[in-house]
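Notes for the one structure printed next.
What follows draws every value from the coordinates through simple rules; no lab data is involved. Just so it is clear, the model here is predicted, and its values are computed rather than measured. All Cβ positions, even for glycine, are placed from backbone atoms using ideal geometry, and neighbour counts span all protein chains on display.
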Amino acid sequence: MPHLTDFTTLTFDCYGTLIDWERGILAELKPWAERHGIEVADDALLAAFGESEASCEAETPKKPYRGILADVLRRLAARWSVTLGAEEAAAFGGSVGRWPAFADSAASLQYLKRHYKLVIISNVDRASFAKSREKLGVAFDRVITAEDVGSYKPNLRNFEYALADIKQALGVEKRQVLHTAQSIFHDIVPAKALGLATMWINRRKGQEGWGATPAPRVAQAAMRPDFEVASLAEFVAAHQAELARKKA
């Protein structure tokens with residue numbers, strides 16, 4: 001069983017893990033749905049988003065994320081047979097910077113920065129992430145986006161690219177890395193497939209369904225993380241407890 005203090009570097013998914021993307025997505029999509037007379041529950045709206053987003057990312061892996069989001073809204077409009085204005089797609093494409101951070105993200109990252117190198121591996125473009133970075137209150141050691149790689153997670157290329165980058169730039173080996181993420185589909189399954197240790201930040205603990213991420217279609221063993229917590233603050237508490245035990 002690994003320990004949190006075995007690692008020198010945390011690689012983070014950002015959206016869903018550090019940024020509350022479900023709250024941000026709903027803040028954009030619910031008013032849009034209401035304007036068009038679409039009556040749909042929040043969970044169904046998030047599930048439709050997740051399904052469309054994964055398809056768009058797989059079909060156009062080199063398209064910047066703001067373009068992916070615009071395409072997602074076009075697919076949702078087609079799904080519910082509504083006419084979409086061009087300005088609506090563009091506005092949703094540019095919405096990432098409006099998505100809020102989780103309340104525990106900034107303080108937790110500041111604590112973790114004292115003990116680890118921090119790296120972002122995210123399914124966005126650099127311009128979108130720059131707007132989110134301001135909400136997180138910490139300097140990341142490396143930032144790797146889908147725009148850099150030319151593909152989107154869960155493609156293994158994103159993790160292979162990141163591991164090569166942090167080895168070259170930071171001198172960090174794979175065994176020193178703990179991949180930290182909310183999405184089983186986008187992050188935990190592919191990271192485990194490459195032999196990375198994983199921490200599941202289960203932000204949806206106690207809720208039904210998979211929210212804005214597709215359901216993983218793999219065996220249970222392939223989606224079982226090395227660590228699981230319900231929040232970043234809980235991660236910090238577990239790390240502090242481990243340090244206290246080592247000193248005792």
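List of remarks:
- The chain - share of DSSP beta bridges that are antiparallel (%, nearest 5): 5
- Among T11, A89, Q207 the positive-end extreme of the charge dipole of the chain (Cβ point charges): T11
- At an R0 of 25 angstrom, the distance between the Cβ atoms of M223 and A78 translates into a FRET efficiency of 0.20.
- Annotation: amide H of I38 has no partner in the under-5 Å range at sequence separation 5 or more or interchain, hydrogens built in the peptide plane.
- [x] 63, 37, 36; [y] 79, 37, 36; [z] 53, 38, 36, with the label sought being that of the calculated Cα extents along the principal axes in Å: [x]
- Label-to-label distance, H3 versus N202, with points set 7 angstrom from Cα along the beta-carbon direction: 2.4 nm.
- Here r is the Cβ-Cβ distance between E173 and K135 and R0 is 30 Å; the resulting FRET efficiency, rounded to 0.05, is 0.45.
- Residue order, fewest to most surrounding Cβ atoms within 10 angstrom, among I19, I188, I166, I38: I38, I166, I19, I188
- Evaluating 6.51 cos²θ - 1.76 cosθ + 1.60 at θ = phi - 60° for every residue in region 216-233, the Karplus couplings come out as x, 10, 9, 5, 3, 4, 6, 10, 8, x, 6, 9, 9, 9, 8, 7, 5, 4 Hz, glycine and proline recorded as x.
- Going from the residue with the fewest nearby Cβ atoms within 10 Å to the one with the most, Y161, Y152 rank Y161, Y152.
- Packing-based exposure ordering (other Cβ within 10 Å, fewest first) of M199, M223: M223, M199
- Residue-averaged 222 nm ellipticity for the chain, from DSSP H runs of 4+ at -39500 (n - 2.57), nearest 500: -14500 deg cm²/dmol
- Shown here for region 1-91: GluC sites (Glu not before Pro) in loop regions (DSSP other than H, G, I, E, B) with at most 11 other Cβ atoms within 10 Å, namely E39.
- Label-point separation in nm, D148 to A233, each point 7 Å along Cα→Cβ: 3.0
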